[in-house]
Amino acid sequence: MHVSILFQKVEVGTTEGGANAYRGATGVVSVYGLRLTKHQISSANILLTNGPPIQRTVIMAGWMVAPSILDPNSQNWVLTVFEDDIVVGYWPKELVPQLSNGAGYVGWGGLAKEGKDGTSPPMGSGHKPDGKFNIATYFKHIRCYTVDLSEIQLSYGSSKEIVDETGCYGLQNDSRQSPDVRDYFLFGGPGGKCGA
């Protein structure tokens, strides 16, 4: 028996760089108090990934509602938060072998998993983007760090958008930002009967 797990995704991610190009990423994400059923999952996160599909290694950090359930010299990964760099996560290189020399992809966004009844939960604040930072979930000040820890901003040419075509979720860029720099975006949605 094959069990299908449906995740809907909204994400902005890098298109340039290739294998081992990035050593970190930052972004500020808003947080909301969602109400989900036991088997639903909703999250907002930053992810770094590398390796071929069968051996892909992923580090994902952010917030998640799931009722049921960088250190460049050492090749280990550290998650820090706030300007004070408070360490809240640590992954030794042995746990993430495909990331020991860096990530080939960095993404910022959210995931949502439907419950047993086929209803997908809200993502983010539960509202689709409408240009207002106090309504939809946002990521702002998104950055990547290269192997030598140089900070780089994404441009529209060096990033891509992924939005599942279910109609339940959306992504909107901040119209106030420079056309050359992707620094802010809004995402999320109400969920519902989104499955294929």
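The values are calculated or read from the model by the stated rules, or taken from the named source; none is laboratory data. Owing to the predicted nature of the structure, the values given are computational and were not obtained by experimental measurement. No Cβ is skipped: glycine too gets one built from the backbone with ideal geometry, and neighbour counts run over all protein chains shown.
Can you pull out every residue in the range 159-192 that is among the small types (G, A, S) and either modelled with pLDDT under 75 or in contact with a Cys (Cβ under 9 Å, 6 or more places away or on another chain) (or both)?
Residues satisfying the conditions are G167, S175, S178, G189, G191, G192.
Just the residues that are of a type in the set (S, T, Y), in contact with a strand residue (DSSP E or B) (Cβ under 7 Å, 6 or more places away or on another chain) and assigned to a loop (DSSP other than H, G, I, E, B), please, taken from the range 131-155.
S155
From the list K140, K116, K132, K128, pick out the single residue that is within 15 Å of the chain's Cα centre (by Cα) and charged (D, E, K, R).
Being within 15 Å of the chain's Cα centre (by Cα) and charged (D, E, K, R) holds for just one of K140, K116, K132, K128, which is K140.
Quick test of your reading of the structure: W91 fulfils all but one of (1) at pLDDT below 85; (2) of a type outside the set (G, A, S); (3) within 17 Å of Q40 (Cα to Cα). Name the failing condition by number.
Exception for W91: condition (3).
Please specify each residue of the range 107-130 satisfying the condition of being in a strand (DSSP E or B) and under 19 Å from K160 (Cβ atoms).
If the condition is that a residue be in a strand (DSSP E or B) and under 19 Å from K160 (Cβ atoms), then G107, W108, G109, G110, L111, M123 are the ones that fit.
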